[in-house]
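The structure under discussion appears below in the form of structure tokens.
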Amino acid sequence: MPYSSSLTDEEWVLIEPLLPKKKRTKPPKWTKREILDGVLYQLKNGCNWCDLPKDLPAYSTVFWHYKQWRD
């Protein structure tokens with residue numbers, strides 16, 4: 001289910017190359033796009049991290065990536 005804060009395909013094409021590459025040890029459960037949609041949802045709505053909708057990645061995953069990408 002897309003939210004008003006979700007990225008369009010055109011926006012994702014521009015943003016994806018800017019995200020850091022990570023060495024993969026196992027296949028990820030969530031895509032970077034899904035995680036970024038979680039970050040954008042929280043930033044737009046100003047909700048608590050633990051109040052992210054259940055169809056987005058777990059708030060702990062989203063928040064961890066947010067902190068990594070922020071730095």
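Details
- Structural descriptor for the chain: relative contact order 33 percent, calculated from alpha carbon pairs under 8 angstrom and at least 6 residues apart.
- Overall, the chain carries a charge dipole of about 540 debye about its Cα centre when +1 sits on the Cβ of Lys and Arg and -1 on the Cβ of Asp and Glu, all other atoms neutral.
- Legend: residue pairs K21/K44; K26/K67; K22/K54, Cα-Cα distance threshold 23 Å; pairs beyond threshold, K21/K44; K22/K54.
- The apolar share of the surface of the chain, taken as the fraction of accessible area on carbon and sulfur atoms (1.4 Å probe, ligands and nucleic acids excluded), comes to 56 percent.
- Three-way shape call for region 2-55 based on the alpha-carbon gyration tensor, with the a/c threshold at 1.5: oblate
The values are calculated or read from the model by the stated rules, or taken from the named source; none is laboratory data. All of these numbers come straight from a predicted model, not from anything done at the bench. Ideal geometry is used to build each Cβ from the backbone, glycine not excepted, and the neighbour counts take in all protein chains shown. Just so you know, the surface numbers come from the protein's heavy atoms only, side chains and all, with ligands and any DNA or RNA stripped out. Shrake-Rupley method; radii C 1.70, N 1.55, O 1.52, S 1.80 Å.
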